[in-house]
1. What is the percent carbon and sulfur in the accessible area of the range 55-148, measuring with a 1.4 Å probe over the protein chains and ignoring ligands?
2. Scan around Gln5 for amide H atoms under 5 Å from its own, H built in the peptide plane at 1.01 Å from N, and keep only partners 5 or more places away or cross-chain.
3. Can you give the local net charge around Asn213? Use residues other than it whose beta-carbon is closer than 12 angstrom to its beta-carbon, Lys and Arg +1, Asp and Glu -1.
4. In 10 Å bins starting at zero, report the fraction of Cα pairs in the range 3-50 per bin as a rounded %.
5. Can you figure out the FRET efficiency of Lys146 with Arg10, using R₀ = 35 Å and their beta-carbon distance, to the nearest 0.05?
6. Highest GNM mean-square fluctuation, the chain, Cα pairs closer than 10 Å: which of Gly88, Gly44, Gly193?
7. Going toward the positive end of the dipole of the chain, with +1 on Lys and Arg Cβ and -1 on Asp and Glu Cβ, which of Asn249, Ala285, Leu68 do you reach last?
8. Give the long-range amide H neighbours of Ile194: residues separated by 5 or more places, or on another chain, with amide H under 5 Å away, using H modelled in the peptide plane at 1.01 Å from N.
Amino acid sequence: MFPGQGSQYRNMGIGFLEANSDYRRYFEIASKITDKDLLEIIGGNSKKNLLDETRFSQISIYTLSCALNDYLFNVLSINKNCIGTVTGHSLGEYSALYSAGAYDFKKGAELVKYRSLIMDDENRSQNGMMAAVLGMNERGVEDVVKSSRDRVFIANYNDYTQIVVSGYEDAVKDAIERLKEKGAKRIIPLKVGIASHCPLMEKVSDKLGKFINGNVKFKKMGLPFFSTTEAAYRNSNDIAGTLTGQLVNPIRWVDSIGYLLEEGAGIFIEVGPGKVLSGLVNRIARENKREVVLLNTDKIENIEELGEKLKKEGMINEA
């Protein structure tokens, strides 16, 4: 499973790249596409914090996630026959599609770059905002959102008591105050400058669709891909609709993980920066009384632990 925008942080992946310098080539390719040194941005060496800007955070997360994905398969030698599905949260679906074989790294990077630019442009014109609401159930958040008259929407159903709202900045700030009054334990503005996964992204969705139709031909995938927008498996013919629909519809993470748990998924590997998705899966599994193994690639020691665990599980191809 691959994380989305908001999981970025300064120096993410640097330890991995120092230990595995060959994988810097992914950043060299992506830096040429963006005409900016992404490793310099990640290292926080520029005067301005550019990593949290949509145009750089999305491509940086995608690039690191893809490099880590290939390390797991090519160096750790994870047996692909042991992978039940690949999935992602929002932007993470682009990394998941790369993992599944829907396109090569460069084509995916070009797609992510375009997506980030049109989202960034739209935000400059509409002034959007997203915020995570913690400690309140779905119904409680929906009641507040309904009174916002199509200015605030639910963007992510992350777990049973973590819902993300999205919309115009002034309206989201007003909704935050009402959510606090209704009993929300905590509300965290997200490190994104956009109002994604809601109808405010309709123009962006249309632009993305035209770009995909003119520039991207999706390949037959070698791994099953599970969309967390539709909470269903999708094939190559469905991908364009999945990626455009993702911008205007909420991410149904809790439903998706619940479905995969019912299918028998027991090991979840978070491939990319951070451990946010692992935390969400842990809470969803606990609520469903399921035991799961959670692994991640956030630090070099986490990757080493992952390799040891999967070897014990018989999921590593022996030389």
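The values are calculated or read from the model by the stated rules, or taken from the named source; none is laboratory data. Source: prediction; values computed, not measured. Every residue, glycine as well, gets a Cβ built from its backbone with ideal geometry; the counts of neighbours run over all protein chains shown. Only protein heavy atoms, including side chains, enter the accessible area calculation; ligands, DNA and RNA are left aside. Shrake-Rupley method; radii C 1.70, N 1.55, O 1.52, S 1.80 Å.
1. Of the solvent-accessible surface of the range 55-148, carbon and sulfur hold 43 percent.
2. Those lying under 5 Å, H to H, from Gln5 are Leu91, Gly92.
3. Residues near Asn213 contribute +2 overall.
4. Final binned percentages: 24, 57, 19.
5. 0.35
6. Among Gly88, Gly44, Gly193, the largest GNM mean-square fluctuation belongs to Gly44.
7. The Cα lying farthest towards the positive end belongs to Asn249.
8. Those qualifying (amide H under 5 Å, at least 5 residues apart or on another chain) are Met130.
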